[in-house]
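Data first, discussion second: the structure below is written as C-alpha cells.
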Amino acid sequence: MSFWGFIGILLLLAIMASALLVAKYAAQKEAEFRELKFKARQTHLTIVDLDEICRTLLLYDKDIQLLDYFIKEMRSLIDRALELMPDSESIRGDVLNVRSLEQEVDVLRNSTSEPEIPVSDQQINLMKKHFLRAQKAIKRLAGAGRMPSNRASEQYNRLVQSALLLEVKAYRKQGNIAKNEGDTSSAANFFKHAKELLMKSELNFEGKSELIKKTSNDLSGLYVTNEDEENDDETEATSEAEEVEVKEDSQQAG
C-alpha cells in the first residue's frame, strides 16, 4: 500500500469516527430535549390539576389561606418549567390562567359570600373528587416542606369535614326541593341519605349530634305533614257531610 493510500484510509477512518461522534452527540441532545419536554409536560399537568382544584375550592370552600398556598405552588412550578422550556406554549398559557385565578381570589378577599352548596349529584361528585385531590396536594406540599406540617394537618382535616358537611347539606337541600314539589318519596330518600352519611361517618366534630337530629326531623317532618294534611282532609270532609245533613234536615222540616 502506498503512503498516500494509507493516509487516505486514516482520513476515512477519522471521518467515520467524527460522524459517529456527531451522531452520538445529536442523539444525546435529542434525549436531553425529550427529557426536558417530558418534565415540562409533567409540570404543566400538575399546574392544570392545581388550577382545577382551586376553581372548585373557589365555589365550595372559599378558604383564602389554602388558595394562596396552591397559587404560590403554581407560580413556583411555572418558574421551573420556563427554565426548562422557555418557549413552551402550554406553560405560557398556565401563566395567564394563574393571573386570572389570582384576580378571582383577590375578589374573594373582599367578599363575605358563603361556600356554595352542590345542587346535583354531578356537582357533589365533582366537589368530592377535587376535595380529595386537594388533600393529596396538601400532603405533597407538606412533604416537600412548602407548607408547615401543623398547617397542612389543619387544612387536611378541615377539607375532610367540609366535604362531608357539604354533601349532607346538598342532600338536605334536594330533599327540601322535592318536599316543596310534593314528591314525598324522593324527599324521604334524600333526607335518609343525608342522615346515613352522618351516622356512618367516623368523623367527630362539634354539632354533629345536633345535625343528626335535624336530618331526623327533616325525615319525620315529612310524615307529620302528610298526616296533618290527611286529618285536614278528613275534617273538611266531615264538615261538608254535616252541612249536607243540616240542609237535608231543613228541607224535611220545611
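Structure data summary
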read-out: Residue that is aliphatic (A, V, I, L, M) and under 26 Å from Tyr156 (Cα atoms), where the choices are Leu84, Leu66; value: Leu66
read-out: Residue within segment 90-106 that is in a helix (DSSP H, G or I), under 23 Å from Ser153 (Cα atoms) and of a type outside the set (Asp, Glu) present; value: yes
read-out: Residue selected from segment 107-137 under the condition of a type in the set (Val, Ile, Thr) and either part of a loop (DSSP other than H, G, I, E, B) or in contact (Cβ under 8 Å) with a residue 60 or more places away in the chain (or both), by the criterion nearest to Glu167 (Cα to Cα); value: Ile117
read-out: Where a residue in segment 61-74 is in contact (Cβ under 8 Å) with a residue 12 or more places away in the chain and its partner, wherever it lies, is of a type in the set (Asp, Glu) and surrounded by 21 or more Cβ atoms within 10 Å (Cβ to Cβ), with Cβ under 9 Å and at least six apart; value: Leu67/Asp61; Met74/Asp94
read-out: Every residue from segment 63-83 that is crowded, with 17+ Cβ neighbours inside 10 Å and either modelled with pLDDT under 95 or among the hydrophobic types (A, V, I, L, M, F, W, C) (or both); value: Leu66, Leu67, Phe70, Ile71, Met74, Leu77, Ile78, Ala81, Leu82
read-out: Long-range neighbours under 6 Å by Cβ, at least six apart or interchain, first residue without any contact (Cβ under 8 Å) to a residue 24 or more places away in the chain within segment 139-151, second of a type in the set (Ser, Thr, Tyr) and in a helix (DSSP H, G or I); value: Ala142/Ser149
read-out: Hits in segment 51-61 - residues which are within 15 Å of Lys72 (Cβ to Cβ) and surrounded by fewer than 21 Cβ atoms within 10 Å (Cβ to Cβ); value: Asp51
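Per-residue answers, yes or no, for (1) within 30 Å of Lys214 (Cα to Cα); (2) surrounded by fewer than 16 Cβ atoms within 10 Å (Cβ to Cβ):
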position	(1), (2)
Ser113	yes, yes
Asp121	yes, yes
Ile124	yes, no
Met127	yes, no
Arg151	no, yes
Glu167	yes, no
Gly175	yes, no
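The values are calculated or read from the model by the stated rules, or taken from the named source; none is laboratory data. Here the structure is a predicted model, which means the values were calculated and not measured. With ideal geometry, Cβ positions are generated from the backbone for all residues, glycine too; neighbour counts draw on all protein chains shown.
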